[in-house]
Amino acid sequence: MKSSLAAISFFTLTLCLVCFFASKDLAPIVEYKSKAILVKPDIKQRWENELINQVKMFENFKSRPYRCPAGVLTVGYGHTGKFASSTLTEQAAEDLLKEELENYRAIVRRNVKVPLTEYQTCALVSFTYNCGEGNLRRLINGNSRLNSGNYKSINKLMPLYSKAKGKTLNGLIKRRMLEVSMWNGESLNDKSA
């Protein structure tokens with residue numbers, strides 16, 4: 001009789017405790033097993049940053065309009081056209097650069113008919129920003145060129161675009177070399193090491 005009375009008391013005590021905690025809106029303690037997750041780096045953001053840094057390095061910031069070696073009125077980080085007639089702060093020039101690079105990315109997407117990696121896209125965006133859409137078309141179209149599936153043609157042809165007003169410029173040679181490196185998946189950080 002004593003053991004059944006103890007069992008009833010234990011049951012009653014347990015029931016009272018459950019009711020007490022339930023009335024206090026305390027959630028029952030649940031043990032969760034942790035699960036490993038794979039965090040993938042944001043490849044697109046990495047290469048966009050690489051692209052912006054590369055363009056800024058070659059264009060250099062100029063707050064006032066000036067004539068580039070090709071004789072084109074330019075301001076900020078290589079901005080031409082309607083933007084070249086006024087002065088820019090460095091922040092305004094960087095914001096404008098990011099906006100223009102998105103426009104050039106759309107030009108590359110519209111013209112290139114084969115799949116590209118993110119770093120290949122960025123290399124062509126840099127090239128197009130500097131050389132224009134017409135030169136992009138000449139670079140990628142034709143027999144044995146990119147749009148016919150010859151990805152290696154970029155390595156050979158891009159360095160040829162290193163002249164302004166008929167003169168070969170060291171800055172353009174270096175820029176094309178870095179764009180080819182970017183095309184091949186090498187970053188500026190790889191080059192500085």
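No value in this document is a laboratory result; all are computed from the given coordinates. Keep in mind that this is a model prediction, so the values were computed, not measured. Every residue, glycine as well, gets a Cβ built from its backbone with ideal geometry; the counts of neighbours run over all protein chains shown.
What percent does the relative contact order of the range 108-193 come to when contacts are Cα pairs within less than 8 Å and at least six residues apart?
Result for the range 108-193 is 31 percent.
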Cα-projected label distance for N53 with T80, points at 7 Å along beta-carbon direction, nm: 2.7 nm
Cα-Cα over 18 Å, subset of K56/K167; K82/K163; K62/K98; K56/K98: K56/K167; K82/K163
Cut-off 15 Å between beta-carbons: net charge of the residues surrounding G71, Lys and Arg +1, Asp and Glu -1: +4
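Go ahead and run the numbers for FRET between R67 and R110, Cβ-Cβ distance against an R0 of 25 Å, rounding to 0.05. Intermediate values should be presented prior to the final figure.
Numbers: r = 30 Å, r/R0 = 1.19.
Here the calculated transfer efficiency is 0.25.
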Potential extension, N143-M177 segment - 0.36 nm per residue separation minus Cα distance: 9.9 nm
Whole-Å distance, taken between Cα centres, linking the range 115-193 and the range 94-111: 16 Å
Average projected area [Cα convex hull, the range 44-165], square nanometres: 7.4 nm²
Whole-number percent relative contact order across the range 37-193, with pairs defined as alpha carbons under 8 Å at least 6 apart: 19 percent
Computed lengthening from N184 to N60, 0.36 nm per intervening residue step minus Cα-Cα distance: 42.2 nm
Label point distance in nm, T117-E94, each placed 7 Å from Cα along Cα→Cβ: 2.8 nm
